[in-house]
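Report on the following structure.
Each value in this text was obtained by applying a stated rule to the coordinates, not by laboratory testing. For clarity, every value in this text was computed on a predicted model and none was experimentally measured. Note that each Cβ is placed from the backbone with ideal geometry, even for glycine, and that neighbours are counted across all protein chains shown.
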Amino acid sequence: MYGKITVGAAIIAVAASSIGMTAASAKRAPATFAASGASSIVCTIKGKVALTPPLADDLDLSGYTNADPVVQAAVRAEGALQFSQAGPTDTASSTKGKCTGTITDGTVVGDGVAIVANTDASGDPTSRATCQGLVAAALGTSTSTFVTDYITTVTYTDKEKDIITPTVIHSTLASAVGGFGFALTATSITGSFAGGTSSANAYIDAKTLAAILDAIAASAPGFAGDVKATACEPSVSIKTKTNAKTGIETATVKVKGPKGLKGIKVGLDTTGLVASTLSIAG
């Protein structure tokens with residue numbers, strides 16, 4: 001009966017609750033799914049999360065160390081460099097997936113049921129938009145960059161084109177269970193599934209994680225030579241020259257800002273074995 005479910009949501013998709021389904025004709029008023037305690041659905045999800053502004057890490061070279069005192073002095077002279085932009089960090093995600101489960105009228109939700117989840121949220125306006133802030137949030141050490149109310153609006157369409165009342169879910173953010181990523185837990189739900197529950201685990205894939213963690217001087221102030229810019233980190237180029245007549249060495253340092261991390265992918269975890277999921281019950 002229910003051939004397709006389309007979900008418009010918040011940072012990775014959080015919906016919520018049970019399904020007491022009432023069919024409604026396209027010509028009738030929207031039907032509302034009530035939370036009855038007898039329904040559950042689990043969906044695997046994957047997609048992208050856009051980040052605005054792009055994330056970038058700052059770089060403090062004032063504590064740089066090098067066996068060559070000339071190079072050390074030249075690099076230290078660059079001081080503390082700021083490449084990150086002021087918050088808040090806004091997120092907008094679009095994820096897709098397939099679901100299994102049952103609903104209160106006895107309908108079995110097979111693998112053919114699809115969801116699309118679109119998320120919008122705004123982070124802490126007092127924070128900086130950094131990759132390290134993203135890492136801290138994903139590891140659960142700090143969520144200051146992304147502390148906010150994640151609002152998920154869920155819309156549904158089945159193959160009969162019935163009209164179903166949208167679900168609006170407010171959620172909180174934490175680190176994902178058992179992996180590198182994020183978890184969303186519903187704090188309130190209105191519309192369909194009002195009073196139900198919902199949670200999601202959104203794992204960051206290995207490639208994205210590598211880009212985020214490809215850091216340089218901030219964590220390893222003794223880097224030896226040139227470092228290329230990444231999405232999160234600036235590039236550092238050091239050139240030395242010794243005057244043939246005087247024997248005096250000089251060093252030139254060039255720093256180029258990072259490209260900026262504009263988004264992350266969500267899907268299988270870093271092991272490639274565990275899928276991101278969205279669970280709805282009520």
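Before moving on, here are some points about what is shown:
- Here 48, 239 are placed in order of increasing Cβ neighbour count within 10 Å, fewest first, which gives 239, 48.
- Long-range HN-HN contacts of residue 87 with modeled amide H, under 5 Å: 127, 128, 129
- Shape metrics for segment 230-282, restricted to C-alpha atoms - Rg then Dmax, Å: 23.6, 82
- Over all other residues within a Cβ to Cβ distance under 10 Å of residue 52, the charged ones net out to 0, with Lys and Arg as +1 and Asp and Glu as -1.
- 17 Å cut-off, amide nitrogen to a point 7 angstrom out along residue 81 Cα→Cβ, residues in segment 231-267: 231-240, 251-261
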